[in-house]
Amino acid sequence: MRWSNKNSAQYPVPSFQRKAGCWVLSTGYWVLLATVTLLSAAPAAEEKHISVYSPVAIYTLPVLDRSGREYVGLLELLEPLGRVSSQSEGQRWKLRYNAVDAEFVAGKTRAKIHGRNFDFAAPFLIENSRGLVPLASLNALLPRFLGTSANFHESARRLFVGDGGIQISFQLDASNPSRLALNFSAPVNPTISTEPGKLRMAFKRDPVVSPGSQPISFANKVITQASYSEDNGDAELDIAANEPLMANFSNDRRTIVVSAVPPATPPGIGGTQNPAAAPPAATIASGNSHRVLAVVDPAHGGDERGAALTDQLVEKDVTLGFARLLRHELETRGFAVTLLRDGDTSLTLDQRAAAANVARAGIYISLHAVSQGSGARVYTALLPVEGTNKGAFHAWNAAQAPALPVSRIVSAAIVAEMQKSEFPVHASSASLRPLNDVFMPAVAVELAPGEDGIADLTSANYQQRAASAIADAIVSVRDRLGAQQ
Amino acid sequence: MIPRHLLIGVAALLLLVVSMGIYLRHMRRQAGQFESSAADALPVTPPASGPTETVTLYVADDAAGALRPRAAQIPLPGGRQQRAEELLRALLRIYQQPGALHPLAPAADIRSIYLVDPGAAVIDLNAAFADQHRSGILSEQLTVNSLVETLALNVPGVNRVNILVEGKTRETLAGHADLTESFDVITVEQAGNQ
Ligand SMILES: [Zn+2]
């Protein structure tokens, strides 16, 4: 139904109908608003979760509030860690984890595990045949099953199984420009965001542990403090500074170097990560010659900020965060991945195309973000129809033309995977460089807000859903990608 | 779990919304009998005095991510080139109305259009058109497609279109749509029909 551009003066609508229509419309609006508010408020209040970090799996589970205590399902908690089965008989609930048998009774604090008594801090509960245990007892309970130590940070709901935890150390280089190197004992994949005076790293899936109980202060004019906090299953590291900061990954994501954003440099000259100058072959030279190389291109960067998504948020920052997540998702699915920029670097469109072509990538994925619309759009190159008007006019697009059929297969696969995870998505063509200029299958994905509006564009969960669907799609067409080389 | 009273409340509200929607649709249908027959052929602006002709504009709809044909009246000018310019200015006026489905800046304008034989057209936009254009792949591509299709489908013989800004080649419209090469009319039409 279209409401605009109706000339009601020329084509009058009887006034009682217009008034009634207005009333219905405005009441409908408020009712709808109330509904949306209720619906969105209800789940928001229950998003408590616990993160579990063990050498075999890292996962999160929902936490339930019962009689003022926090509970988690015991079967769900143990399932990723070993062989587990359960049986519910009235008030009794039996569980077997590997060779350990246990029996619990609903409403009782005493249980029997491997023939010995165990006392909970609050009563054991049964709901829909699921056995629930209080979080407060996890530290004592888990070693009985696992045979290894468990370290539960109760206030933050982070559970470390076995030894481990990623340690952080700091190394300040006070020379000009000041740089703070954060060294991690294992690779990390935080979501990095900036706000005035602060650079924030959110660790959703990395078992990083506190570097100390107090914030660490630096005697430096630019970078002043690092403070660690953890809450609701996540850890966060904030770096305070007097200038805008940027972060670069190195040492196989074991080191993050934080430094002040340098003054603008002309495109193509500055930037230590200029891929055109140094073809990014390192990732494929890791001993597995059969792995397909995916080149992920966070669009824009440096002086070229892309769309202003809000007053504070620019496209180039969103595409970089999204690209890092996609790299992680692709790597865990066996791809070698090169990011064309892993910091706030300027690259021309020609440099991007050249980097992908020189690397002989199996797939090129360009990432964009936009504040209008919803969900995602997947683009392939808009090239002239075969056989029409060839000649000097269209010589430029020869690069992508042979790969375009596979590019369209990739695009269709991404649409299918995103639809599976209920992500609104469309496919179309665009005259968007450097899609036209690369030899391998190439797509661009433009991420738009979801149900939570513009906040989704910086939400790790939202980006994660999109990145994981894209990665699944690329896995599903992996066989088509090698042929281009 | 969502509490039961909340679920009941939400269900009741949804029922109310649906029933009001049905009532509203009924009201609109009654009102629409006065309007719909003529609405789609409404002139975009009051036609200038003198003879006019009816043309079809291809108007971008951001929410749908597509172009919609729309009838419009333009003054009947003397030359082919003037006609092309009137055509795109009529299109521009739609995008500059309040509440447009694909808004463009009020200062955006077409400087001129050159029809170059054989088969090429050059659209010269003013700086404000590009400088104040929203940045985004979809939004920019819809603008390009709308200009190219409207021109090609109303001006016989145009099969490719170049877009300049202030008489010069510009790399992109607003960061995305590539303006360095010409647009092939058949390709743009086919892309629009995907
Ligand atoms: Zn972009």
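The values are calculated or read from the model by the stated rules, or taken from the named source; none is laboratory data. In this text the structure is predicted, and so the values were computed from the model without any measurement. Cβ sites come from the backbone with ideal geometry, for glycine too, and all protein chains shown count toward neighbours. These area figures cover heavy atoms from the full protein model, side chains too; ligands, DNA and RNA do not enter into them. Shrake-Rupley method; radii C 1.70, N 1.55, O 1.52, S 1.80 Å.
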(request) Within a 10 angstrom radius of each residue's Cβ in A:292-300, how many Cβ atoms of other chains show up on average? Whole number is fine. (result) 1
(message) Based on alpha-carbon centroids, what's the gap between segment A:445-485 and segment A:81-125 in Å, whole number please?
(response) 41
(message) Just to be sure I understand: if you take the accessible area of chain B alone plus chain A alone and subtract the pair, with a 1.4 Å probe, what total do you get in Å², rounded to 100?
(response) 4700
(request) Taking the Cβ of A:Ala442 as the centre, find all other residues whose Cβ is under 12 Å away and add up their charges (Lys, Arg: +1; Asp, Glu: -1). (result) +1
(message) So for segment A:289-480, considering every pair of alpha-carbon atoms, how many percent are separated by more than 31 Å?
(response) 12
(request) Report, largest value first, the span of the C-alpha coordinates of segment B:88-194 along each principal axis, in whole Å. (result) 36, 31, 25
(message) What value in Å³ per residue do you get for the convex hull of the alpha-carbon atoms in segment A:146-266?
(response) 116
(request) Considering Cα pairs under 8 angstrom that are at least six residues apart, work out the relative contact order of segment A:168-277 and quote it in whole percent. (result) 27
(message) Please list, short to long, the whole-number percent of alpha-carbon pairs of segment A:52-154 in consecutive 10 angstrom bins beginning at zero.
(response) 15, 54, 30, 1
(request) Quick one: which residues, 5 or more positions from A:Ile168 or on another chain, have an amide H under 5 Å from its amide H? H modelled 1.01 Å from N in the peptide plane, none for Pro or chain starts. (result) A:Val209
(request) Taking a cut-off of 18 Å between Cα atoms, list the aspartates and glutamates near A:Lys112, but don't count ones fewer than 8 places away on the same chain. (result) A:Glu89, A:Asp101, A:Glu103
